[in-house]
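Reviewing the structure listed below.
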Amino acid sequence: MKYIYISLFFVMSFVKTNAQGPPITADKPIMLGGNSFTTKTLIEIRNTERGSVVYAPLMLHYLPTSNSLVAVHLPYVDYDLNNISGSGLADIKILGKYQFYRKDATGKTFRVVAKTFQSLPTGKEIDVMEISTGKYSGYYGIVSGYETLKYGISTEVGYNWMPDGTLDEFRAKLGFGLPLLKPQYPNKQLNLYFEYTSAFLPERDWYQLLYAQGIQYAGKNITFDLAVQLPLTQTVDAGRELKNSVFIGTRYTF
């Protein structure tokens, strides 16, 4: 299988800004109006010392109200890892979010959301984090975000519990972004993202700090995403190191 690697220009990752569109590898608490649907996908091409994995989920999101969300992620995976290879259904995920705090002011907002991901053991046990473990796990976290017309910041902290496995994980994310176009109507945006992910697996004594550089185009009710994720620091078993991940996604709201 051949993959096309797309290089992005790395720009000042210290700029503390976040664009108006949804982050790519991170999350944010901004929700649309109630009774709305979003279909999306975020394909990940993950390259590790073990081999490569292509993860392609179909995500169906529904907002019953303006401060709640339920979703199902139906994922397809194709993998070639050391002595095993194959394709098929990965772990199905059920997502729930509830916004319990919101403070708005002129041209800015701050919001906080409780979030849970329930991963069902529908995938083959290939021991790939967050993709196909063949074991049940439940993730519980808090997402916060501060956003203005010009900038914003998103954060997430949480814990993934796997009672019958060894992939329990303390997770933290920090996302910055930079809108390159002025606010306009009809909506048209070009956004840069700077996203960090920290993961600690206590049962395996693994740690990773990852950085993703992304770009996003948003027009009206559709967005297109592209990001490259690289490890800044990782302490894992030999042969399990991440080389890089490429993310390609789109979402449509109706």
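The values are calculated or read from the model by the stated rules, or taken from the named source; none is laboratory data. Everything numeric in this text was worked out from a predicted model, so none of it was measured. A quick note on method: Cβ atoms are made from the backbone with ideal geometry, for glycine too, and the neighbour counts reach across all protein chains shown. For the accessible areas, the whole protein counts, side chains as well, though only heavy atoms, and no ligand, DNA or RNA atoms are used. Shrake-Rupley method; radii C 1.70, N 1.55, O 1.52, S 1.80 Å.
Annotations for the structure displayed:
- Percent RCO, i.e. relative contact order, over region 24-85, from Cα pairs under 8 Å lying at least 6 residues apart: 32 percent
- Contact order relative to length of region 36-253, as percent, for alpha carbon pairs under 8 angstrom and 6 or more apart: 16 percent
- Candidate aspartates and glutamates for bridging to LYS108, where Cα separation is under 15 Å - those fewer than 8 sequence places away on the same chain excluded: GLU147
- Choice from THR233, THR223, THR122 with maximal GNM fluctuation in the chain (Cα, 10 Å cutoff): THR233
- For region 142-198, the relative contact order comes to 27 percent (Cα pairs under 8 Å, sequence separation of at least 6).
- Taking the Cα centre of region 36-253 as origin and assigning +1 to Lys and Arg Cβ atoms and -1 to Asp and Glu Cβ atoms, the resulting dipole is close to 1160 debye.
- Per-residue ³J(HN,Hα) for region 127-140, Karplus 6.51 cos²θ - 1.76 cosθ + 1.60, θ = phi - 60°, Hz, x for Gly and Pro: 6, 10, 3, 6, 10, 9, 10, x, 9, 6, 8, x, 10, 9
- Partner aspartates and glutamates for LYS243 [C-alpha distance under 18 Å; skip if fewer than 8 residues away on the same chain]: GLU44, GLU49, ASP78, ASP80, ASP127, GLU130, GLU195
- Ligands, DNA and RNA left out, the accessible area of the chain computed with a 1.4 Å probe is 63% carbon and sulfur.
- The lysine pair tally for region 124-188, using Cα distances under 29 Å and a gap of 8 or more places or different chains, is 8.
- Environment charge at LEU180 (Cβ cut-off 14 Å; Lys +1, Arg +1, Asp -1, Glu -1): +3
- In the chain, excluding the sites themselves, the longest stretch lacking any of the trypsin sites (Lys or Arg not before Pro) that are in a DSSP loop with at most 16 other Cβ atoms within 10 Å is 17-149.
- When the Gaussian network model of the chain links Cα atoms closer than 10 Å, the mean-square fluctuations of ILE126, ILE84, ILE43 top out at ILE84.
- Ligands, DNA and RNA are left out, and with a 1.4 angstrom probe the accessible area of region 170-253 is 48 Å² per residue.
- Inter-part distance where region 19-82 and region 134-150 are each reduced to a Cα centre, Å: 12 Å
- Computed extension gain for ALA172 through ILE94, at 0.36 nm per residue and net of the alpha carbon distance, reaches 26.1 nm.
- Summary: within the chain, the longest segment free of GluC sites (Glu not before Pro) located in DSSP loops with at most 15 other C-beta atoms within 10 Å is 126-202.
- Cβ-defined net charge surrounding GLN213, 13 Å radius [Lys, Arg +1; Asp, Glu -1]: -2
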